[in-house]
Amino acid sequence: LYSIILFCVFLWIPFVYFYYEEKEEDDGNTCSQVKTALKYTLGFITICAVLLLIGAFVPLDIPNKNNSTEWEKVKLLFEEFGSSHGLTALSFSISSLTVIGMLAAITYTAYGMSALPLNLIKGTTSAAYERLENTEDIEEVEQRLLRIKSKCRDGRPLSSRDRRTVQQLEERLRTLRRRERHLESIEKSWWMKFCEAIRPLKIVWGVFFIIVALLFTVSLFLSNLDKALHSAGFDSGFIILGTNLTNPLNMLLPVLQTVFPLDYILITTIVMYFIFTSMAGIRNMGIWFFWIRLYKIRRGKTRPQALLFLCMILLLIVLHTSYMIYSLAPQYVMYGSQKYLVQVRCNPFFFFLKKKGSCLLYQKLLFALLLDQCIVTRTYLFLHKFWFFSAAYYFGNWAFIVVFLIGLIVSCCKGEKSIIEGEVDEDDSDMSDDELSVYY
């Protein structure tokens, strides 16, 4: 599955993206477009090969911390993982993509977790009210244009300042008339009438989503705080083998694991929640490269390249979800509901009683490991093969919490969204509105 992700990210999606780019620039033969797309895709394949090579031969010797019992436990994990270069190379490549997915999650998922529920609760403005305001704006712009143009009735040319003003007002008028067409179509749409009818259900879903978002944030905060207080520090990637500060999800998942398949249902729900909130964040913000806005995500008007970027971003975010679930429920990812047996002497006559202990108990963990009864999962070892990636994930979780809180404050302060927010912008006024009825 991880190899399929590498194939999609470094070969398939880049090839299709560059193919569409060539198709828009040159409507020539298909063979020429395929060759050019393959030429640019070779750059991504080279990056993938470099990551695999670095992962296969990167040294994992980490400065030891003297007098650190936690560090001795961490060393057991690295020795347990083995010395397979192929698996190490794959782990390094996937971890590199996971860091990129972490940045995407901080940007889009953290904001979407606050924007989606609050938008559902607040709702949108009325189409009739917006249309009335838009009509007033159109009349005001038309009157300003008439006043400026009346200066040249006697044959005198307009000044350069007036010409610039006229040009700006005409662009503004075109945008307002496009808004009017959109609002008129929405006002007659059966879909919007259906959305108004289920408005109470949207409020209920919004309240549920904000409760889930707060639960995730609290769990993530407690997990990170536990690492900050009880891990071996930066040089070990803030790895700990037990938990001192538990959280609701960390307690719930091992219990659900005893009844198949309740834990898988909950994990699937968590992943789908991250996907929905990520899509909401991308929908509201668009696709950015630092401060440059590349694409907008709009109903019926999204470019193929933007859809490919959307798929890649969601793929990387889902990849980062593996570590996010570990952060939310570290003990479940490490040991699940495993138990180990302890022999207790009950009397001087050497009578031993076998007693079951949970691998989730931090105080008895080292003893259970020495007995080889608590087996750390492959997923946990795969995620923590490289300590510097683990350190990056740790700081990324703090950034995720901060961005979520900022997004929550911003979403609370913002008013109701326009019913056509993002559908009509001044920089795309040349796009056709001939098929509005298809989308509304």
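The values are calculated or read from the model by the stated rules, or taken from the named source; none is laboratory data. This is a predicted model, so every value here is computed, not measured. Note that we place each Cβ from the backbone using ideal geometry, even for glycine, and neighbour counts take in every protein chain shown. All accessible areas refer to the heavy atoms of the entire protein, side chains included, with ligands and DNA or RNA removed. Shrake-Rupley method; radii C 1.70, N 1.55, O 1.52, S 1.80 Å.
In segment 253-267, which residues are within 24 Å of the chain's Cα centre (by Cα) and in contact (Cβ under 8 Å) with a residue 40 or more places away in the chain?
Filtering segment 253-267 down to residues within 24 Å of the chain's Cα centre (by Cα) leaves 253, 263-267.
If the condition is that a residue be within 24 Å of the chain's Cα centre (by Cα) and in contact (Cβ under 8 Å) with a residue 40 or more places away in the chain, then 253, 263, 267 are the ones that fit.
Out of 219, 185, 223, 160, I need the residue that is among the small types (Gly, Ala, Ser), in contact (Cβ under 8 Å) with a residue 24 or more places away in the chain and open to solvent by 30 Å² or more (accessible area, probe 1.4 Å). Which one? Result of the check over 219, 185, 223, 160: 185. From the list 286, 336, 281, the lone residue that is small (Gly, Ala, Ser), surrounded by fewer than 22 Cβ atoms within 10 Å (Cβ to Cβ) and under 19 Å from the mean Cα position of the chain (by Cα) is 286. On the stretch given as segment 268-317, residues that are under 24 Å from residue 329 (Cβ atoms), among the hydroxyl-bearing types (Ser, Thr, Tyr) and free of Cβ contacts under 8 Å to residues at least 24 places away in the same chain total 2.
Checking the conditions here, which among 229, 245, 262 is touching a helix residue (DSSP H, G or I) at 6+ places or on another chain (Cβ under 8 Å), at pLDDT 80 or above and on the phi < 0 side of the Ramachandran plot? Give the steps one after another, and end with the answer.
Details: 229 fails: touching a helix residue (DSSP H, G or I) at 6+ places or on another chain (Cβ under 8 Å); 245 fails: at pLDDT 80 or above.
Only one candidate qualifies: 262.
Counting the residues of segment 188-216 that are within 28 Å of residue 403 (Cα to Cα) and surrounded by 14 or more Cβ atoms within 10 Å (Cβ to Cβ) gives 11. Considered as a group, the residues in segment 263-278 that are closer than 19 Å to residue 311 by Cα and of a type in the set (Val, Ile, Thr) include one that is surrounded by the fewest Cβ atoms within 10 Å (Cβ to Cβ), and that residue is 268.
Would you check if residue 229 is open to solvent by 50 Å² or more (accessible area, probe 1.4 Å), in a helix (DSSP H, G or I) and over 19 Å from residue 381 (Cβ atoms)? Answer is yes for this residue. Inclusion of residue 309 among residues that are within 25 Å of residue 219 (Cβ to Cβ) and in a helix (DSSP H, G or I) is not warranted. Apart from one condition, residue 122 fits all of (1) surrounded by fewer than 16 Cβ atoms within 10 Å (Cβ to Cβ); (2) under 30 Å from residue 207 (Cβ atoms); (3) basic (Lys, Arg); the exception is (1).
Selection of segment 188-207 for residues being touching a residue at least 24 places away in the same chain (Cβ under 8 Å) and either within 25 Å of the chain's Cα centre (by Cα) or under 25 Å from residue 327 (Cα atoms) (or both) yields 202, 203, 205, 206, 207.
Considering only segment 51-66, how many residues are modelled with pLDDT of 65 or more and open to solvent by less than 70 Å² (accessible area, probe 1.4 Å)? Show your work before the answer.
So in segment 51-66, the residues modelled with pLDDT of 65 or more come out as 51-57.
Next, only the ones that are open to solvent by less than 70 Å² (accessible area, probe 1.4 Å) stay: 51-52, 55-56.
Number of matching residues: 4.
In this structure, residue 280 does not satisfy being of a type in the set (Gly, Ala, Ser) and at pLDDT 90 or above.
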